[in-house]
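See structure below.
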Amino acid sequence: MASAQRLSLLNDEPVDFAEGDLLGAGRAARQLADLLLASRASTPFTLAVDAGWGMGKSSLMRLVDAELTTAPEVHTVWYNAWTSTGADALEGLIKSVLMRFDRRLLRRALHRVSEQRALLRVLRALATVAAGPLGAAGLVDELWSSLSVNSQARNEMRDAIRDLAQEWSENAAYSPRRMLVVFIDDLDRCSEETVLAVCEAVKVYLDVPGLAFVIGCDRSVMGPSGLLRDLSPAGTAFMEKIFQTSYRIPVADGQDVREYIARCARTAGIEQLLDEPLVDLLAERSARNPRRIKRLVNGFVLEATLNPMWADHPPEAVLRTLLIQYFYADFYRMMTSPPGADDGDVVADFCTYRQVRALLRAPEAVPEELRPLVNTFLEQRDVAPDPVNRRAALERLERELPTVFPDMATDTAFNSLLDGLLGLPRSEKLVRRLREGAPALVAAPQREPDIGAGAIPDARTGIVVRRGAGFPDFDPQAPLAGRTILWVDDRPENNTSLAAWFRREGATVEIAVDSAAADAAIAAWSPCLIISDIARGTDNQAGFTHVAALRRDERYTGPVVFFAGRVTPARQDTARDLGALGVAADADELIRLIRGAFAAPYAPPVHPSAARPR
């Protein structure tokens, strides 16, 4: 890298002290703490701290905990639901609460229940808690085994905990009572079984005076259309009773987020690289999400530090490239498509389109010295210049260009980002190197949590993580096992990783590099799906022409997906006329279309011979 500045990574720990609060959570934390204290006579109750991934739930809860430490006769306990699985969560949460009670009260409770034979197992479990963890496993297993089949024992266990908690909460000079605030974090990251176990512990066993629960979760994830979508009506009704109220963390205001970005940049050593437009881009395009901002900064630090491809380029080039990759993934994919994936340099095409668009939309005629530029760009895409109706010519042009171009031409942030990159020293070399096959980016930041998705190299660029979640797990209701897929592409090396993924899912993938080879494979293998490129060599319509011939001669009438570097309105229309499922430009969309093909019977085109490539 051209600069020898010292960079450092940011941690992702929640804020737990006022000095670290950069997003204004301290005021909300004080108010929530005051509300809890004022409500101690109303226990038991449950409060949800509701927010999306990375929006500061843990930090707010930690700040509330810090506020409560100064209050008399208020105790707290933390339980991270993500560290437990299934029924273990029920046991773990109850034990965490019991361990906060005084040992003297535990011994008194043991003496009280020792005379009740029906509570013998409860007694043994409480004795285990009072004595420490040694020998606990066998006794706890026996207790929970009994509770799972004996409703009377469940009721007795709940009553024993209620008596113990009531004695603890009232055994103080403070009026009206002691309070134990239980913080439960990361519930929305757990399995359905764990969520239900935690909620059962809260509502069935620990719903007793003196206890208040503060649960950090994204309520939308845990709703009927999310994690708990398979719940029965009774289960849904039970979940609705868990939370008495919710506090939805608001999105931080723009100034707070800018100050947060500035602090992150100073800590990481990149403050001098972030001008005002880049700070605004980070704030708005990250949805003001603190964790996304940190991941972006850390991704830049790792990339700038570890990837040798940046040795000849300034740090700002690394930053701007990663921001394009993260916030404008479709453009980045086209920008890094290898030679042969589609004709032309997308960066040069976009810059020329942007200029031509402005000229054709202007009220005055195109200046004479710029007419060759406009006419050449139109004619290269088979669009006739129309000096009388320039808007119509522009509409025809945009049908032949990537679908994202019109919106991006009006995106001020994107144009500032791209122009800043192109204005840096050796930018042409950088863009060319990205297109021709640069080394994989080592630290491409993710756009959302990577949970349950196996990331493998991108089908075209080799970059491991580009869109955030890698290739998704295949739907078990629509398996690829036993399917034969014919993949037609004159550059099959661009699809090696994705083809290997299809094979691991149980499909047979046959490769053909031209139409003749594809015809032979169709005759030999009778594929159930064809994936086809569009442009081959100097023929920009080769894939369309071949599929049109297959349809016309009725040699293949099954589903087809076109996989190309660029998606344009004209290509989408042609694919639809040919009865294809669509045009995909990335692995996510390709897999989505294939899932759709295998999820329901395919209806062949009604008039296949009528389709003509465009």
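Apply the Karplus parameterisation 6.51 cos²θ - 1.76 cosθ + 1.60, with θ equal to phi minus 60°, to every residue of the range 583-588 and state each ³J(HN,Hα) to the nearest whole Hz, in sequence, with x for glycine and proline.
Per-residue couplings from phi come out as 10, 10, 10, 8, 4, 4 Hz.
May I ask you to evaluate 6.51 cos²θ - 1.76 cosθ + 1.60, the Karplus curve with θ = phi - 60°, for each residue of the range 418-427 and list the ³J(HN,Hα) values in order in whole Hz, giving x for glycine and proline?
Residue by residue, the range 418-427 yields 5, 5, x, 5, 5, x, 7, x, 6, 5 Hz.
Can you list the lysines whose alpha carbon is less than 20 Å from that of K57, not counting same-chain residues fewer than 8 positions off?
Result set, ordered by chain and number: K294.
Sorting T410, T508 by accessible area (1.4 Å probe), largest first, what list results?
So, going from the largest accessible area down, we get T410, T508.
List the lysines whose alpha-carbon lies under 21 Å from that of K95, not counting same-chain residues fewer than 8 positions away?
Straight-line reach from K95, under 21 Å: K203.
Quote the relative contact order of the range 261-358 in percent (integer), defining contacts as alpha-carbon pairs under 8 Å separated by 6+ residues.
In percent, rounded to a whole number, it is 18.
To one decimal place, what orientation-averaged projected area in nm² is obtained for the convex hull of the Cα set of the range 241-288?
Averaging across all directions leaves 4.6 nm² for the Cα convex hull.
Could you tell me, in Å, what Rg and Dmax come out for the Cα atoms of the range 175-328?
Taking only Cα atoms of the range 175-328, I get Rg and Dmax of 21.8, 70 Å.
If amide hydrogens are placed 1.01 Å from N in the peptide plane, which non-local residues have theirs closer than 5 Å to the one on T508?
The answer is G482, R483, T484, I485.
Per residue of the range 313-320, what does 6.51 cos²θ - 1.76 cosθ + 1.60 with θ = phi - 60° give for ³J(HN,Hα)? Whole Hz please, x for Gly and Pro, Karplus curve as stated.
Once rounded to whole Hz, the list reads 10, x, x, 4, 5, 4, 4, 5.
What percent of all Cα-Cα pairs in the range 44-83 falls into each 5 Å bin, going from 0 up to the bin containing the maximum distance?
P(r) over the range 44-83, rounded to whole percents: 5, 17, 24, 30, 15, 7, 1.
The values are calculated or read from the model by the stated rules, or taken from the named source; none is laboratory data. Every value quoted in this text rests on a predicted model; they were computed, and no experiment measured them. Just the protein is used for accessible areas: all its heavy atoms, side chains included, with ligands, DNA and RNA removed. Shrake-Rupley method; radii C 1.70, N 1.55, O 1.52, S 1.80 Å.
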